[in-house]
Amino acid sequence: MRRRLPIDRARDGSIRINLDDSARELLLRLAGELEAIDSADKTDDPRMRRLHPTAYHQDPEHDEEFQRLMFDELRTSRAASLQQARDALLSDTMTEDQLMGFMRTLNSLRLILGTQLDVAEGSDSEPLDDDPAAPFHYLYEYLGYLLECSVQALSS
C-alpha cells in the first residue's frame with residue numbers, strides 16, 4: 001500500500017490534506033505567530049528581513065521608497081494567504097486558491113525560520129541531536145517537505 005502524502009490530489013481532482021490533528025494544530029499556531037509578527041507596527045523586525053527584502057541594494061533612498069510603497073500591499077497579501085491556509089487546515093480538502101495561500105504561508109514561515117536559524121542558500125548540514133536549535137531545523141525541513149508536496153499536488 002502506498003503511503004499518502006500530507007498534501008495530495010485525489011482521483012476526483014480535489015486536493016486533500018492528510019495531516020493529523022497535531023500537525024494541523026502546529027501549523028495553525030505558527031500561522032497565528034506569523035500574523036502577530038506581521039501585524040506589529042515594527043518594520044525593522046529582523047525576523048521579517050526575508051519577507052521584505054532590499055529591492056535597491058545600491059540606492060537606499062529608492063529602496064526606502066519601495067519599502068514604503070509595498071509594505072502594506074505585502075502585509076495585506078500575507079494576511080489573505082494566512083486566512084486561506086487557516087481555512088484549508090480546518091478542512092480535509094482545499095481549492096487550488098487555498099492551496100496557493102497555504103503554499104505562500106508555508107514559504108513565509110520557512111523564510112522567517114530560516115532567518116532565525118541563519119540558513120544560507122545551499123546549506124545542507126544536519127544539526128546535531130544535542131543542538132538546542134535542532135527541533136527548529138527539523139521544523140524548517142518539515143515545512144519544506146509540506147511545500148514540496150503542495151507543489152506536487154498543484155502540478156498533478
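The values are calculated or read from the model by the stated rules, or taken from the named source; none is laboratory data. The shown structure was predicted, so the numbers you read here are calculated from the model rather than taken from an experiment. Cβ placement follows ideal geometry from the backbone for every residue including glycine, while neighbour counts extend to all protein chains displayed.
Overview of values
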| quantity | calculated |
| --- | --- |
| Unique match (being farther than 29 Å from Gln152 by Cβ, hydrophobic (A, V, I, L, M, F, W, C) and either surrounded by fewer than 16 Cβ atoms within 10 Å (Cβ to Cβ) or in contact with a Cys (Cβ under 8 Å, 6 or more places away or on another chain) (or both)) among Ala55, Ala23 | Ala55 |
| Matching residues, the stretch 76-109, being among the charged types (D, E, K, R) and either surrounded by fewer than 16 Cβ atoms within 10 Å (Cβ to Cβ) or more than 14 Å from Glu35 (Cα to Cα) (or both) | Asp87, Asp92, Glu96, Asp97 |
| Qualifying residue in the stretch 104-122 (condition: modelled with pLDDT of 95 or more, in contact with a helix residue (DSSP H, G or I) (Cβ under 7 Å, 6 or more places away or on another chain), of a type in the set (A, V, I, L, M) and closer than 21 Å to Asp20 by Cα) | yes |
| Residues of the stretch 95-129 satisfying the condition of being over 17 Å from the mean Cα position of the chain (by Cα) and closer than 21 Å to Gly13 by Cα | Thr95 |
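For (1) of a type in the set (D, E, K, R); (2) in a helix (DSSP H, G or I); (3) under 20 Å from the mean Cα position of the chain (by Cα), each residue gets a yes or a no:
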{"position": "Asp12", "(1), (2), (3)": "yes, no, no"}
{"position": "Arg16", "(1), (2), (3)": "yes, no, yes"}
{"position": "Ser22", "(1), (2), (3)": "no, yes, yes"}
{"position": "Ala31", "(1), (2), (3)": "no, yes, yes"}
{"position": "Leu34", "(1), (2), (3)": "no, yes, yes"}
{"position": "Ile37", "(1), (2), (3)": "no, yes, yes"}
{"position": "Arg47", "(1), (2), (3)": "yes, yes, yes"}
{"position": "Gln58", "(1), (2), (3)": "no, no, no"}
{"position": "Glu64", "(1), (2), (3)": "yes, yes, no"}
